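Working notes, structure below.
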Amino acid sequence: MTMTGAASDGRPADALIFRLRGVRYLYHGRHLALDGIDLDIYRGEQVALLGANGCGKSTLLKLLDGLLAPSAGSMLAFGEDILPVVAGQEAFRFHREVGLVFQDPDVQLFNATVYDDVAFGPLQLGLSPGEVKIRCDEALALMDATHLAQRAPFELSGGEKKRAAIASVLSLHPEVLLLDEPTAALDPRTKWVLINLIRNLGQSGKTIVTATHDLDIVPIIAHRVVVIGEDRRVLADGHPETILRDHDLLVRANLIHPELHELSFHHVHSP
């Protein structure tokens, strides 16, 4: 997939990976999940999608992954319409470039061992056994999961499953990594290990889009924040420091409650 020309802000067009204009999505044609999303995502960006539960973050990731087609509006991925991907015509090639890690890792771990799950994608590409092994070893090492290779997925902890699921996507060498609530239900130690691994992936040059409502992790994993409001529209788009300091914005997005936030602040800072 290639593009020519230049993006609207002067960056080369081949740096523009996703362009959404007026995108709406309705489940079953009647339940509104997204309403008029305008969004550009560029190569090498680390973007956090912030928003309360139910605001449409997961739906937006599925659109970016070509699993859903907009109900209205337009969406380009790598300069081409997303509709052929959703229809299956370009899906195989597209998913070599864009990988989604679901919130529930059990959706992606279905083989007898972690190694088999990580090898599944490369095997579908028809790679040689040697190349498959190289990719699996590399992906597992990136996620600090080499020691899990011969374990059965059902034996793993929640954090271990998350790391294995991400490795299963990384073995395809995608350009873009989409993460849906990667720290959900993790204890603090496991959460930090995973966040540090995600940060390292971003520093290596991956384009990473992470959907979360966990404000604490945003400055670590993202250079840009897109806030989705409860009206299913983009409420704000900017630098993490600017977004996280905007108390009124966070309240409007239902990311903090003003009274709980003040109580927590005074409790932490009281002498």
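The values are calculated or read from the model by the stated rules, or taken from the named source; none is laboratory data. Keep in mind it's a predicted model, so treat the numbers as computed, not measured. All Cβ positions, glycine included, derive from the backbone under ideal geometry; neighbour counts span all protein chains shown.
Among the residues of the range 121-135, some residue qualifies, meaning at least one is in contact with a Phe, Trp or Tyr (Cβ under 9 Å, 6 or more places away or on another chain), outside any loop (DSSP other than H, G, I, E, B) and at pLDDT below 95.
Is the range 135-149 home to any residue that is among the β-branched types (Val, Ile, Thr) and closer than 22 Å to Thr207 by Cβ? The answer is no; no qualifying residue exists.
Among the strands (runs of 3 or more DSSP E) confined wholly to the range 205-252, which include 3 or more residues that are of a type in the set (Phe, Trp, Tyr) and at pLDDT 95 or above? Give the steps one after another, and end with the answer.
Values: elements: 207-212, 224-228, 234-238.
Output list is empty.
Out of (1) in contact (Cβ under 8 Å) with a residue 40 or more places away in the chain; (2) surrounded by fewer than 22 Cβ atoms within 10 Å (Cβ to Cβ); (3) part of a loop (DSSP other than H, G, I, E, B), what's the single condition that is false for Val193? Of (1) in contact (Cβ under 8 Å) with a residue 40 or more places away in the chain; (2) surrounded by fewer than 22 Cβ atoms within 10 Å (Cβ to Cβ); (3) part of a loop (DSSP other than H, G, I, E, B), only one is false for Val193: (3). Restricting the first member to the range 110-133 and to residues that are among the aromatic types (Phe, Trp, Tyr), and the second to residues that are not in a helix (DSSP H, G or I), the beta-carbon pairs closer than 8 Å and six or more apart or on different chains are Tyr115/Ala149; Tyr115/Gln150; Phe120/Asn111.
Looking at the range 62-75, is at least one residue without any contact (Cβ under 8 Å) to a residue 24 or more places away in the chain and closer than 20 Å to Ile208 by Cβ?
Of all residues in the range 62-75, those without any contact (Cβ under 8 Å) to a residue 24 or more places away in the chain come to 69.
Pick out the ones that are also closer than 20 Å to Ile208 by Cβ and you get none.
No, the range 62-75 has no match at all.
On the basis of being at pLDDT 95 or above and in contact with a strand residue (DSSP E or B) (Cβ under 6 Å, 6 or more places away or on another chain), does Val176 make the cut? The answer is yes for Val176.
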